[in-house]
1. Roughly what angle does helix 132-141 make with the longest principal axis of the chain, taking Cα atoms, 0 to 90 degrees, to the nearest 10?
2. Can you tell me which aspartates and glutamates have their Cα less than 20 Å from the Cα of residue 139? Leave out same-chain residues fewer than eight positions away.
3. Would you kindly derive the ³J(HN,Hα) couplings of the stretch 99-108 from the backbone phi angles with the Karplus curve 6.51 cos²θ - 1.76 cosθ + 1.60 (θ = phi - 60°), listing them in order in whole Hz, with x for Gly and Pro?
4. Quickly rank 77-88, 122-133, 13-24 as a protection proxy: mean count of other C-beta atoms within 10 Å, highest first.
5. When a/c reaches 1.5 or more, the comparison of a/b and b/c decides; with that in mind, is the stretch 60-145 rounded, prolate or oblate per its Cα gyration tensor?
6. Could you list 65, 119 in order of exposure, starting from the residue whose Cβ has the fewest other Cβ atoms within 10 Å?
7. Nearest 10 degrees, 0 to 90: what angle lies between the long axis of helix 12-24 and the longest principal axis of the chain (Cα atoms)?
8. Gain in length, residue 125 to residue 21, computed as 0.36 nm per residue apart minus the alpha-carbon separation, to one decimal in nm?
Amino acid sequence: MRIAIASDHAAIDMKAMLVDWLREQGHVVNDLGPNDGTSVDYPDYGYKLAQAVASGDAERGVALCGSGIGISIAVNRNPACRAALVSEPLSAQLCREHNDANVIAMGARLIGPEMAKACLTAFLSTGFGGDRHQRRVDKLSHPTL
């Protein structure tokens, strides 16, 4: 799978670990930065990630910041993106199954490496349930439906 990943400075270590792990799993990973611990603004990286997913350059996205909250808000500004902030695998599974989330957001200060991997595993291995969920997902990008 083609996966784009971005973070802010607070999540740089988790991002680097997940990039390596995702590549070991056989995924093609586009690391959108940042590349060092210099303080950056999470919206800039959330918008880059959203553009990569919206354009089709990436099938899924991984958004990371200290809490996961700010960067998920930034990603969700793009109507083509459905970013879900998760902290455990069941939420990661349900955001795919019920909401067809195409971006997972996590807080590097809130969850550890093994939990992040477990969330990503659930997110990447779960398909969209469709059926009754489809009309609801359609309304996320087109609120007038």
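1. 60
2. Excluding near neighbours in sequence, the set is 97, 100, 131.
3. 10, 6, 4, 10, 9, 9, 10, 9, x, 5
4. Values: 77-88: 19.0, 122-133: 13.9, 13-24: 16.6.
Ranked from most to least packed, the peptides come out as 77-88, 13-24, 122-133.
5. Working: a/c = 2.84, a/b = 1.44, b/c = 1.98.
Since a/c reaches 1.5 but b/c is at least a/b, the shape of the stretch 60-145 is classed as oblate.
6. Numbers: 65 29, 119 25.
With the fewest neighbours first, 65, 119 line up as 119, 65.
7. Long axis of 12-24 versus the principal axis of the chain: about 70 degrees.
8. Numbers: separation 104, 0.36 × 104 = 37.44 nm, distance 1.51 nm.
Extra length from residue 125 to residue 21 when fully extended: 35.9 nm.
Quick note: the coordinates plus some simple rules give every number you see, no bench work behind them. Everything numeric in this text was worked out from a predicted model, so none of it was measured. FYI the Cβ positions are ideal-geometry reconstructions off the backbone, even for glycines, and counts take in every protein chain you see.
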